[in-house]
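**Student:** Here it is, the structure in full.
The values are calculated or read from the model by the stated rules, or taken from the named source; none is laboratory data. What you see is a predicted model; the values in this text were computed from it and never measured. Cβ placement follows ideal geometry from the backbone for every residue including glycine, while neighbour counts extend to all protein chains displayed.
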Amino acid sequence: MSPSAVPSPAIPAPHANGKPSPSSSSSSSSRQDATTTQLANGTSSQIPAWVQPDLSRLLRVEHNPGSFTSRSVSLVRLGPGALFARITNPTPATVAYSSVQAARDLHIELNSDLVYINHSCAPSLVFDMARWEIRVSDRPGGLEVGDELTFFYPSTEWVMAQPFDCFCKTAECVGRVGGARDMDKAVLGRYWLNRHVEELLLEKEEDEKKSAKA
């Protein structure tokens, strides 16, 4: 996960929590083979196969000069809770600034312009990794054309590869943004969280209780 924006990748085709695509057709093929093998083996964390959507009708990427300044803006108007897009082209990945945690033991690269959806402490979107979909947040007013597309990184990430000082400058800004593991429970309580994050938080709380009794 990156700070509030992700720099333009050096490779030709960018790729969802903000990331570059494979650098060659052979790399892409090997990742797809890994996904196919994972599905064939019936592992618990599976990447579903959906048709790639036309993201060019949903968002516009603004490649601004400097590091961590690129962003994406909405081309559509949707109400609170509406489906914005499905996560359709992921590949399994190791934990990195560009990866998104999809389950307890699964991280992915998004391999699309969804990578330019940055962090905000007042997010316009929610990444629901159990459903492999991106929805409009429940904030009043929903999503308007021209709104920046953002989500709350700790809603997917238990441990972030690169914690950072938030640049969102909203009234809700939490300041230092790390994985959910290292954030205050009261702060996290203000946000929609993925199921794997909620489960890990419960386990952490139980471990702390056991340690206190020891």
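**Student:** Just checking, how many residues over the stretch 92-140 are of a type in the set (Val, Ile, Thr) and at pLDDT below 95?
**Tutor:** Total satisfying the criteria: 3.
**Student:** Of everything in the stretch 96-124 that's hydrophobic (A, V, I, L, M, F, W, C) and buried (at least 24 other Cβ atoms within 10 Å of the Cβ), which residue is farthest from Ala82 (Cα to Cα)?
**Tutor:** Looking at residues that are hydrophobic (A, V, I, L, M, F, W, C) and buried (at least 24 other Cβ atoms within 10 Å of the Cβ), I get Ile108.
**Student:** Evaluate the stretch 159-171: report whether one residue or more is surrounded by 16 or more Cβ atoms within 10 Å (Cβ to Cβ), assigned to a loop (DSSP other than H, G, I, E, B), among the aliphatic types (A, V, I, L, M) and modelled with pLDDT under 95.
**Tutor:** yes
**Student:** Hey, could you check the stretch 125-150 for residues that are under 21 Å from Ser70 (Cβ atoms) and either out of contact with any strand residue (DSSP E or B) (no Cβ under 8 Å at 6 or more places or on another chain) or of a type in the set (D, E, K, R) (or both) and say which is surrounded by the most Cβ atoms within 10 Å (Cβ to Cβ)?
**Tutor:** Within the stretch 125-150, the match that is surrounded by the most Cβ atoms within 10 Å (Cβ to Cβ) is Glu148.
**Student:** Test each condition in (1) surrounded by 14 or more Cβ atoms within 10 Å (Cβ to Cβ); (2) over 16 Å from Val126 (Cα atoms); (3) touching a Pro at 6+ places or on another chain (Cβ under 9 Å) for Leu201 and report the one that comes out false.
**Tutor:** Of (1) surrounded by 14 or more Cβ atoms within 10 Å (Cβ to Cβ); (2) over 16 Å from Val126 (Cα atoms); (3) touching a Pro at 6+ places or on another chain (Cβ under 9 Å), only one is false for Leu201: (3).
**Student:** On to the next question. On the given criteria, is Val187 over 12 Å from the mean Cα position of the chain (by Cα), of a type in the set (A, V, I, L, M, F, W, C), more than 24 Å from His63 (Cα to Cα) and surrounded by fewer than 18 Cβ atoms within 10 Å (Cβ to Cβ)?
**Tutor:** yes
**Student:** List the residue pairs whose Cβ atoms are under 7 Å apart, where the first residue sits in the stretch 128-140 and is under 19 Å from Leu59 (Cβ atoms) and part of a strand (DSSP E or B), the second is among the basic types (Lys, Arg) and modelled with pLDDT of 95 or more, and the two are 6 or more positions apart or on different chains.
**Tutor:** Listed by first residue and then by second, the contacts come to Asp128/Arg135.
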